[in-house]
1. Can you give the accessible area of PHE268 in Å² (nearest 10), computed on protein heavy atoms with a 1.4 Å probe?
2. Can you give me the distance in nm between label points at THR114 and LYS100, each placed 7 Å from the Cα along the Cα-to-Cβ direction?
3. Where does the chain land at 222 nm, in deg cm²/dmol rounded to the nearest 500, when only DSSP H runs of n ≥ 4 count, each adding -39500 (n - 2.57), divided by all residues?
4. Counting only protein heavy atoms and a 1.4 Å probe, tell me what percentage of the chain's accessible area is made up of carbon and sulfur.
5. Roughly speaking, what % of Cα-Cα pairs in the chain are separated by over 27 Å, rounded to a whole number?
6. Scan around GLY67 for amide H atoms under 5 Å from its own, H built in the peptide plane at 1.01 Å from N, and keep only partners 5 or more places away or cross-chain.
7. For ASN219 and ILE83, FRET efficiency with R0 = 41 Å and r from the beta-carbon atoms, rounded to 0.05?
8. Find the lysine pairs in region 56-182 meeting two conditions, Cα atoms under 30 Å apart and a separation of 8 or more places or different chains, and report how many there are.
Amino acid sequence: MTPASASRGGTEVKSNTFSIGYTFSLGGIDQVCSGALLSGTILVTAAHCVMDSKGNKSSGYIFAPPGTAMDAPINPSISYPKIVKIYTVDGFVLTESNAKDDIAFIQVDKPFTTKGFIRVATADEIAAIADKSDINGYGFGDVYETGALYSNYARSYPLKWNGTSSSTNTFEITSPNATACSGDSGGPITAKLASGEEVLVAVMSGAAGVVNHCGTASNGIYTMRVTKVHPYMDLVAAALAAPTPTPSVKPVVKKYKITCVKGKVKKFITGTAPKCPTGYKQTAKVLVK
């Protein structure tokens, strides 16, 4: 299977609270992946999004917080979260013959959000998911993939749980009408408990028969590979237990523009507390910011 390339057959979800997308560079190529927020500062994704089979590491990350379009303009006045640490299984190398441990956790220095994260399903909750029951995938996908509706927001796509193979950490799931594509890698795979709570079960790792960046169907069925999250939580247990930084609120700085007059000479001065030069009289004051 090829690493998951976007959700064909998915539905746009602008209001999502935990599915996060990001761009990065790997091997000199700009790429897209997805992930899920476990806390304000920790997201889980696929390991092949942070490192290739030769050990080259990704760089130049730009994150799109939940509910934000991937191509939203960057506001230079806002300080965006920066990566503190990336956690992967020691010795991880993803190849076609070795698909194990394709999971990574990214820790950033300040919260993307203060609420709306998703809880990781426990081993017992995963074991209780009935075979062939409905589950859900989320991802930003390759927004230019052939045959899929353009969307730069997260998409949700329907999947079927494969209870017969889910005894391993990496296993296959299927769908009769949707598949993962480029950019869905690392995207959350979720299930709903009897209580109605949506929990995180796995992350997207790859799709079978990739053509034009998306998986293709065999006998009318799309097959994808996912990696459970629960078995790897020890990697970030300490980081999740640490207090989450409180977002700093910058005071609003007001700037004023005043008009200063001396005879027929007029001057305009702007600042937080502007004053007219000696000999000039202030005749007007307006708020400019």
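1. 120 Å²
2. If labels sit at THR114 and LYS100, their model points lie 4.3 nm apart.
3. Here the helix-only value at 222 nm equals -500 deg cm²/dmol.
4. Heavy-atom surface of the chain belonging to carbon and sulfur, 1.4 Å probe: 54 percent.
5. Pairs farther apart than 27 Å: 44 percent.
6. Under 5 Å from the amide H of GLY67: ASN16, ALA154.
7. Working from the Cβ atoms, E equals 0.45.
8. Going through region 56-182 pair by pair, I get 15.
The values are calculated or read from the model by the stated rules, or taken from the named source; none is laboratory data. These numbers come from a predicted model, not from an experiment. With ideal geometry, Cβ positions are generated from the backbone for all residues, glycine too; neighbour counts draw on all protein chains shown. When the accessible area is computed, the model is the full protein with side chains, heavy atoms only, and any ligands, DNA or RNA have been set aside. Shrake-Rupley method; radii C 1.70, N 1.55, O 1.52, S 1.80 Å.
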